[in-house]
Amino acid sequence: MRKLERVFKALGDRNRIRILKMLEVRPLCVCEITAILGSGQSSVSRHLGILRDTGLVIDEKDGLWVNYSLVTPETEPLASIMSGLRRWGDGDSQVAGDREAARRVSRHRICGSAAAV
């Protein structure tokens, strides 16, 4: 029961929902999500930590970056909640803008070419 309570608390924050909707487009790193939200890196990292701790997103190290992506039914039973979330919020103009930005954002442009090495 506590895990379910934590999940719903995590979903009670608009920025975390925006992050989840961005991750529907593709896996993203912290700097890409930070650029889209216009929030500080520490704030975005905190949101991602909450989403990871509740089992809604997973993280995977990729060289210098950590990519965050949505859970799949094979990785977490709570993925059924994510299935419902996919049907909600798409009519919101901010979510639509976030999703379009997630398609275009590039960690290489944000972090610079030195981070790409």
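The values are calculated or read from the model by the stated rules, or taken from the named source; none is laboratory data. Predicted model only: the values in this text are computed from it and were never measured. As a convention, Cβ positions derive from the backbone with ideal geometry for all residues, glycine included, and neighbour counts pool all protein chains shown.
Listed values, structure above:
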| read-out | value |
| --- | --- |
| Filtered residues of region 10-24 (kept if assigned to a helix (DSSP H, G or I) and free of Cβ contacts under 8 Å to residues at least 24 places away in the same chain) | 14 |
| Residue that is modelled with the lowest pLDDT [pool: residues in region 25-75 that are of a type in the set (D, E, K, R) and outside any helix (DSSP H, G or I)] | 74 |
| Failed criterion for residue 6 (all others in (1) in a helix (DSSP H, G or I); (2) at pLDDT 90 or above hold) | (2) |
| Pairs where the first residue, in region 86-114, is without any contact (Cβ under 8 Å) to a residue 12 or more places away in the chain and the second is among the charged types (D, E, K, R) and in a loop (DSSP other than H, G, I, E, B), C-beta under 8 Å, 6+ apart | 96/90 |
| Within region 87-117, considering residues that are over 15 Å from the mean Cα position of the chain (by Cα), modelled with pLDDT under 75 and not acidic (Asp, Glu), the one farthest from residue 36 (Cα to Cα) | 117 |
| Top-ranked residue in region 29-42 [being in contact (Cβ under 8 Å) with a residue 12 or more places away in the chain and either in contact with a strand residue (DSSP E or B) (Cβ under 6 Å, 6 or more places away or on another chain) or of a type in the set (Gly, Ala, Ser) (or both); ranked as farthest from residue 103 (Cα to Cα)] | 39 |
